[in-house]
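A.B. asks: Take a look at this one; I'll ask things after.
The values are calculated or read from the model by the stated rules, or taken from the named source; none is laboratory data. Since this is a predicted model, take the numbers as computed values, not measurements. No Cβ is skipped: glycine too gets one built from the backbone with ideal geometry, and neighbour counts run over all protein chains shown. Please note that ligands, DNA and RNA were not included when accessible areas were found on the heavy atoms of the full protein model with its side chains. Shrake-Rupley method; radii C 1.70, N 1.55, O 1.52, S 1.80 Å.
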Amino acid sequence: MNISRSRTISVILFLAASFLSAQGSSAKKFDFDKDSVGSPPAGFEFARTGQGAEGKWVVRADKDSPSNHVLVQESADTTDYRFPLAVVKEGSYKDVALSVRARPVSGEVDQGFGMVWRYKDAENYYITRCNADEDNCTIYHTVAGRRRSFQNKPIKVAKNIWHTLKLEGSGNHFVVWFDGTKVLDATDDTFKDAGRVGLWTKADSVIQFDDFTIEGR
């Protein structure tokens, strides 16, 4: 191999590595392990859509692995139209991939957990959620505090075990996976601008969350 060709290949490899590094730099992951047990997590602010008490978002030690910290929405207020939110303070995304591990712990009215994106405020955002009482996954838009579903699929959502929920949103196209299975593939044009992202529960759902990952696209 001549010197000129060798240098060309080196430059190509360097540029490829730089591109991959830049792509990865947009990813964030919240594993809560550096947050103090008994306190709210750093980097989040909290809100509520609907009525009833505010949510109670607290970092706890995982009962199955105490060295692992998880974020728990602990308030069990039974108000039905009540949606506690934990929203990441920094970052605004239009096209984004989100994933989170979640475990439904308890709830008489509901045991629903989800993720929000293109969040403008507590009254306006997209949300995808899965529900262990209803055994389904749904995608909604919430406009002026009222939510409307635009796709739903029945699927078994077991209680008291960890699940993985993943979303990919690009333009008006949204795809959702639950425990590795593609469950929703929908389009909607309600929110076209970038917004923040976060976590969501409903009514008296006590839910544990871990490994919330955000990747801008």
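A.B. asks: So how many residues does the range 126-172 have that are of a type in the set (A, V, I, L, M, F, W, C), under 22 Å from LEU71 (Cβ atoms) and surrounded by 15 or more Cβ atoms within 10 Å (Cβ to Cβ)?
C.D. replies: So in the range 126-172, the residues of a type in the set (A, V, I, L, M, F, W, C) come out as 127, 130, 132, 137, 139, 143-144, 150, 155, 157-158, 161-162, 165, 167.
Checking the rest, the ones that are also under 22 Å from LEU71 (Cβ atoms) come to 127, 130, 132, 137, 157-158, 161-162, 165, 167.
With surrounded by 15 or more Cβ atoms within 10 Å (Cβ to Cβ) added as a condition, the list becomes 127, 130, 132, 137, 157, 162, 165, 167.
Going through the range 126-172 one residue at a time, the tally reaches 8.
A.B. asks: Next up: Of all the strands (runs of 3 or more DSSP E) wholly in the range 1-70, which have at least 2 residues that are modelled with pLDDT of 95 or more and under 16 Å from VAL206 (Cβ atoms)? Give the derivation first.
C.D. replies: Working: elements: 27-30, 44-50, 57-62.
The strands (runs of 3 or more DSSP E) meeting that bar are 44-50, 57-62.
A.B. asks: Considering ALA102, ALA86, ALA76, which residue is open to solvent by less than 30 Å² (accessible area, probe 1.4 Å) and either out of contact with any His (no Cβ under 8 Å at 6 or more places or on another chain) or without any contact (Cβ under 8 Å) to a residue 24 or more places away in the chain (or both)?
C.D. replies: Working: ALA102 fails: either out of contact with any His (no Cβ under 8 Å at 6 or more places or on another chain) or without any contact (Cβ under 8 Å) to a residue 24 or more places away in the chain (or both); ALA76 fails: open to solvent by less than 30 Å² (accessible area, probe 1.4 Å).
Result of the check over ALA102, ALA86, ALA76: ALA86.
A.B. asks: Oh, and also: Output the residue which, of all residues in the range 179-214 that are of a type in the set (A, V, I, L, M, F, W, C), in contact with a Gly (Cβ under 9 Å, 6 or more places away or on another chain) and outside any loop (DSSP other than H, G, I, E, B), is surrounded by the fewest Cβ atoms within 10 Å (Cβ to Cβ).
C.D. replies: VAL206
A.B. asks: A further question follows. What is the number of the single condition among (1) under 12 Å from the mean Cα position of the chain (by Cα); (2) over 25 Å from GLY91 (Cα atoms); (3) of a type outside the set (Ser, Thr, Tyr) that ASN160 does not meet?
C.D. replies: Result: ASN160 passes all but (1).
A.B. asks: Could you grab me the full set of residues in the range 105-121 that are more than 19 Å from ASP210 (Cα to Cα) and open to solvent by 20 Å² or more (accessible area, probe 1.4 Å)?
C.D. replies: GLU108, VAL109, LYS120, ASP121
A.B. asks: Determine the pairs where a residue that is on the phi < 0 side of the Ramachandran plot and part of a strand (DSSP E or B), located within the range 113-130, has a partner that is acidic (Asp, Glu) and open to solvent by 10 Å² or more (accessible area, probe 1.4 Å) with Cβ atoms under 9 Å apart, the partner being 6 or more residues away or on another chain.
C.D. replies: Between residues of the range 113-130 that are on the phi < 0 side of the Ramachandran plot and part of a strand (DSSP E or B) and residues that are acidic (Asp, Glu) and open to solvent by 10 Å² or more (accessible area, probe 1.4 Å), the close pairs are LYS120/ASP193; TYR126/ASP188.
A.B. asks: So is ASN152 over 17 Å from LEU98 (Cβ atoms), touching a Pro at 6+ places or on another chain (Cβ under 6 Å) and among the polar types (S, T, N, Q) or not? I'd like the intermediate steps shown before the answer.
C.D. replies: Details: over 17 Å from LEU98 (Cβ atoms): yes; touching a Pro at 6+ places or on another chain (Cβ under 6 Å): no; among the polar types (S, T, N, Q): yes.
No; evaluated as a whole, the condition is false for this residue.
A.B. asks: Under 7 Å between Cβ atoms, which residue pairs at least 6 apart in sequence (or on different chains) link something in the range 29-54 that is more than 22 Å from ALA122 (Cβ to Cβ) and open to solvent by less than 40 Å² (accessible area, probe 1.4 Å) with a partner that is in a loop (DSSP other than H, G, I, E, B) and modelled with pLDDT of 95 or more?
C.D. replies: From the range 29-54, the pairs are PHE32/PRO41; ASP35/PRO41; ASP35/ALA42.
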